[in-house]
Each structure stands twice: as structure tokens, then as C-alpha cells.
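The values are calculated or read from the model by the stated rules, or taken from the named source; none is laboratory data. Since the structure is predicted, the reported quantities are computational estimates derived from the model, not experimental observations. Methodologically, a virtual Cβ is constructed for each residue, glycine included, from the backbone with ideal geometry; neighbour enumeration extends over all protein chains shown. Remember, those area values only see protein heavy atoms, side chains included, never the ligands or the DNA or RNA. Shrake-Rupley method; radii C 1.70, N 1.55, O 1.52, S 1.80 Å.
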Amino acid sequence: MQLYTKILLGLILGGLSGFVANLLGIVWLQNLFIALEPIGTAFIRLITMIVVPLVVASLMVGTASLGDLAKLGRIGGKTVAFYMCTPAVAVTVGLLVSNVITPGAGIDETTRDALSAQFEGEAEGALILAEDAPSVIDTFLSIIPRNPIQAAAELDLLPLIFFTIIFGAAVSVVAPNRRDAVITFFDGVNDACMVVIDWVMKLAPYAVFALIASVVAQFGVDLLRSLIVYGFAVVLGLSIHLLFTYGLAFRFLVGLSFWEFLRRISNAPLIAFSTSSSSATLPVTMEVAEEEVGISKSVSSFVLPLGATINMDGTALYQAVAVMFIAQIYGIEMGIVEQLVIVLTATLASVGAAGVPAAGIITLIIVLNAVGLGPYVQAGIALILGVDRPLDMLRTSVNVTGDLTAASVVARSEGETFTFESRRPRPVDSAVDG
Ligand code: ASP
């Protein structure tokens, strides 16, 4: 059985078990599933621990062996352009769906207030976190690390990427024998990271079962039923964005079958779904890009870590629907100007969101304030928190798929031919063969 089939099975079985326990109110079973959570957390930690060595090694090899700094600039330009356009499209899709479905229209005041009251405490927590958010200038400045080791220690990817690119570019211009020594070293580190990922992924089906079963077992289902239309609007928007925006971009800019692409990358969105974290999924994303799709390291090592940090189409789309939902529920009209503001701020808010669970709900506060929904921030967030986890799982899968689509488009535009057949031997395979 293929690994992704096993992961999918773990996911479905975990979901069903948690659901049965929750629906039938079997408390001991619910508690049992909740007690399984540490297994999932252990798995998340195991893949997260490889993020820093993998990003550094692969980005170092990618930039140092480019041998052409102009190419680095070109790849960077295309990536950033892609990462600025697609979230704007995603937000537009989210707005269209919310205008058509009007998810907030059918909820009466009593249900609204009951939902708000249930999650009031957690919403307050999100507000406190958002208050600590740095200003725009500080955000840009923080991309330059004062100490790259500290950035690595704090898993602060953007400054780490910044440092590694500059360092890799410098390595590419030193004397060839020195340069090759550095590249060979980091190539070895990178291969070892891939082997660790292979090992950790063997645990994925069980970890996914534990993660999903514990989430679903905790998930209250009664009051949340009233949020079903809102959830449906988010899911519909995400599906449209996945199938049309990515599907068309892939078909026309890459020229290969989008279905085959999805099949090959499926481990990444499945792990993203189970962990709700683009950053934790990054090692898997990089592995499928290189091993399954055949994207070169010089493209994937740059596009994917950057994408895991700044490219979040799913988050941007979800924020658009969430803002419209909150506005509709409180009867506040969102005209064309407000909706344009949503396009701009949700795009930026998704860039600012970290690739960790529930990050999108924190930067959502920026969007709510920007369109004048400031007075409803706390009650509004409290309203949607109840269904945030499943929506987070879905939007994270879309975020990761977006990163992989971007990497494919950039690789193709650089003349790479990944026929899906040309697989390079894996380090493990070559070790065994040799
Ligand atoms: N969990 C998302 C991610 O890691 C971010 C978010 O929307 O909360 O991509």
C-alpha cells in the first residue's frame, strides 16, 4: 500500500472514531482519544525538528550551486510575484462566495450571542496575542537577523532564509575548491535530512489517526451546527481556488496533468491537514517536490520555505469569508470599497500569518479593524472560533498545495522538465545499491 493511502486511511479512521465517540457521547472513549494526542504531538515535533537543518542545507546547496546570481534574482522575482497575486485571487474567490451564499444571513441573535459567549475567553487570548504584533517597519526589519543562530533556535524562518541566501550566494563566488567543499558538506546534510523524513513518515498514518481522533473527539457538535453554512462557504471557496486557480495555473503554466500532480504531492496536504501547520509540513513539502515531482533543489529550496512562511492563499480566502460572515451577522453593510480593503488587508494579513495552527485567526483582527469592524472583533472572533480547527486544517492543506504549485510554475518557467518520470535516486536507494 502506498504511504499516502495509509495516511488517508489513518485520517478517515481517526475522524470516524472521534466522531462516533463524540456523537454518541461515550465519555471514556472521548477521553481515550484525547489521551492519544501526545502521539500526534510527538510526530509533529519529529518533523519540525528537521525544519532548520533541512532549510539551511537545501537552501545553501540551492543558492551556492546556482553559479549565477542573476538567476537567483530572477527566481526570487517570479516567486514573490506569484506569492502576491494568488492570495489576492483567493480573497476575491472568498468574497464572491460570501456574497452569493451570505453565510451570516440565517443566524438569529440568540444563537449568535450563545456562540459568542461560549468562546469569549479564547477570543480574548487571540486579541492579546494580536496586540503584541510589531509595526510594518519592524516587520520588515525583523527579516534581517541580528544573529542567524538565534533565528534558527526560535524557528524564525524568514530571517534564517534571508541569511542563508546571502551566505549561499557568497559561497558561490569563493574559490571553486572551497565552494565545492561547502556544497558537498551541505549536500550530505540535506540527504541525511531526507532520510530522517523518510523514517519519520513511516509513523505518519498512526500519528494522523491520533491527531484527528483527538481533535474530533473534543469537538462539540451541537451549537456548532449553526455555523455549518459558514463552514460550507469556506470549504466551497477553498475548493474553487484549488481546482480553478491552481488547476488552471498548473495546466497552462506547467502543461502537465494537475490530477497526477495532486496524486504525487498528496502526502504534503494530508500532513498539513493533520497538523494545521505549513511550517511543520515543510520537510514533507520539500521531499515531495524533489522526489515525486522532480523540481530542482535550486527552485524548491527557495520557493517552498518562503511559501511556508508567507504564502497562505487558504488563510487569505478564509479571512475574507470570516470578515463577510461577521459583518453579515451584525448587519453591517460591506460595500465595494470595504471589499477592496479586504482584498488588500487579507492578502497582507495572510503574508503576516505564521505557518502554525490558528495563526490566521490572529491576523484576521487586522482585517476586521481595517474595514471598521473593530467594535465586533472580540465577539466576532468568539463566534467563529468553534469551527476554526477543521477550517484551519483545510486552509493549511490549500496553503501547502499553493506553495507546491508555485514551485512547479517557477521551475517550469526556468526551463525545468519534470516529466514526472525522471526521478533521481533517493539517498537511501543509492546507499543500498552501492
Ligand atoms: N495554520 C495555517 C498554516 O500553517 C495558518 C492559518 O491559517 O492559521 O498554514
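Once both axes come from the Cα atoms, what is the angle between helix 51-64 and the longest principal axis of the chain, in degrees from 0 to 90, rounded to 10?
The angle comes out at about 50 degrees.
Assuming 0.36 nm per residue, please report the length gained on full extension of the stretch Phe420 to Met49 beyond their Cα-Cα distance. Mind showing how you got there, number by number?
Numbers: separation 371, 0.36 × 371 = 133.56 nm, distance 2.92 nm.
Full extension from Phe420 to Met49 adds 130.6 nm.
Can you give the charge dipole size of the chain about its Cα centre, rounded to the nearest 20 debye, using +1 on the beta carbon of Lys and Arg and -1 on the beta carbon of Asp and Glu?
940
Just tell me which lysines come within less than 25 Å, Cα to Cα, of Lys71; anything on the same chain fewer than 8 places away is out.
Filter leaves Lys297.
With a cut-off of 8 Å between alpha carbons and a minimum separation of six or more residues, what is the relative contact order of the chain in percent?
31
Applying 1/(1 + (r/R0)^6) with R0 = 22 Å to the Cβ-Cβ distance of Ser239 and Asn369, what FRET efficiency is obtained, to the nearest 0.05? List each step's numbers first, then the result.
Values: r = 29 Å, r/R0 = 1.32.
Between Ser239 and Asn369 the formula returns 0.15.
By how many degrees, 0 to 90 and rounded to 10, does the Cα axis of helix 120-131 deviate from the longest principal axis of the chain?
On a 0 to 90 degree scale, this one is about 40.
How much FRET efficiency would the formula 1/(1 + (r/R0)^6) give for Leu340 and Ser413, where r is the Cβ-Cβ distance and R0 is 22 Å, rounded to 0.05?
Calculated transfer efficiency: 0.15.
Quickly work out the Phe232-to-Thr184 label distance, labels modelled 7 Å from Cα along the C-beta direction, and quote it in nm with one decimal.
Taking the two extended label points, one gets 6.3 nm.
Looking at region 168-208, which trypsin sites (Lys or Arg not before Pro) are in a loop (DSSP not H, G, I, E or B) and have at most 15 other Cβ atoms within 10 Å? Spell out each step's value before the answer.
Working: sites: Arg178, Arg179, Lys202; in loops: Lys202.
Passing sites in region 168-208 are Lys202.
How much length, in nm to one decimal, is gained on full extension between Lys71 and Glu154, taken as 0.36 nm per residue of separation minus their Cα-Cα distance?
26.9 nm
Sorted by average packing, counted as other Cβ atoms within 10 angstrom per residue and highest first, what order do 252-260, 334-342, 160-168 take?
Result, highest mean first: 160-168, 334-342, 252-260.
For the chain, modelled as a GNM with alpha-carbon contacts under 10 angstrom, which of Leu211, Leu394, Leu385 fluctuates the most?
Of Leu211, Leu394, Leu385, the most mobile in the Gaussian network model is Leu385.
Let me know the Kirkwood hydrodynamic radius for the chain, please, with Cα pairs as the basis and the value in Å to one decimal.
Its Kirkwood hydrodynamic radius stands at 22.3 Å.
Heavy atoms only, probe 1.4 Å: what % of the accessible area of region 255-298 goes to carbon and sulfur, would you let me know?
Accessible surface attributable to carbon and sulfur in region 255-298 totals 60 percent.
To test your reading of the geometry: what angle, between 0 and 90 degrees and rounded to tens, separates the Cα axis of helix 3-23 from the longest principal axis of the chain?
In the chain, helix 3-23 runs at an angle near 20 degrees to the longest axis.
Consider a paramagnetic label point 7 Å from the Cα of Lys202 along Cα→Cβ; state which residues of region 49-71 have an amide N under 19 Å from it.
49-50
Using mean Cβ contacts within 10 Å as the protection proxy, how do 350-361, 24-35 order, highest first? Write out the running numbers ahead of the final one.
Numbers: 350-361: 22.8, 24-35: 13.9.
So the order, starting with the most tightly packed, is 350-361, 24-35.
Stretch Val136-Ala117 to full length: gain in nm at 0.36 nm per residue minus the Cα-Cα span?
Gain in length upon complete extension: 3.6 nm.
Label Ala88 and Arg263 with points 7 Å out from Cα along Cα→Cβ: what is the distance between them in nm?
Output for this residue pair reads 3.6 nm.
By a straight-distance test (C-alpha under 23 Å), which lysines pair with Lys202 as possible cross-link partners, with residues fewer than eight away in the same chain excluded?
Here the lysines satisfying the reach criterion relative to Lys202 are Lys6.
For the chain, report the accessible area per residue in Å² (1.4 Å probe, heavy atoms, rounded to an integer). Mind showing how you got there, number by number?
Details: 18660 Å² over 434 residues.
Roughly 43 Å² per residue, with all protein chains present.
Along the charge dipole of the chain, pointing to its positive end and built from +1/-1 on Cβ of Lys, Arg, Asp and Glu, which listed residue (Ile332, Ala349, Leu8) has its Cα farthest out?
Among Ile332, Ala349, Leu8, the one farthest towards the positive end of the dipole of the chain is Leu8.
Between Leu96 and Ala192, what FRET efficiency comes out of the Förster formula 1/(1 + (r/R0)^6) with R0 = 45 Å and r the beta carbon distance, rounded to 0.05?
Values: r = 46 Å, r/R0 = 1.03.
Rounded to the nearest 0.05, the efficiency is 0.45.
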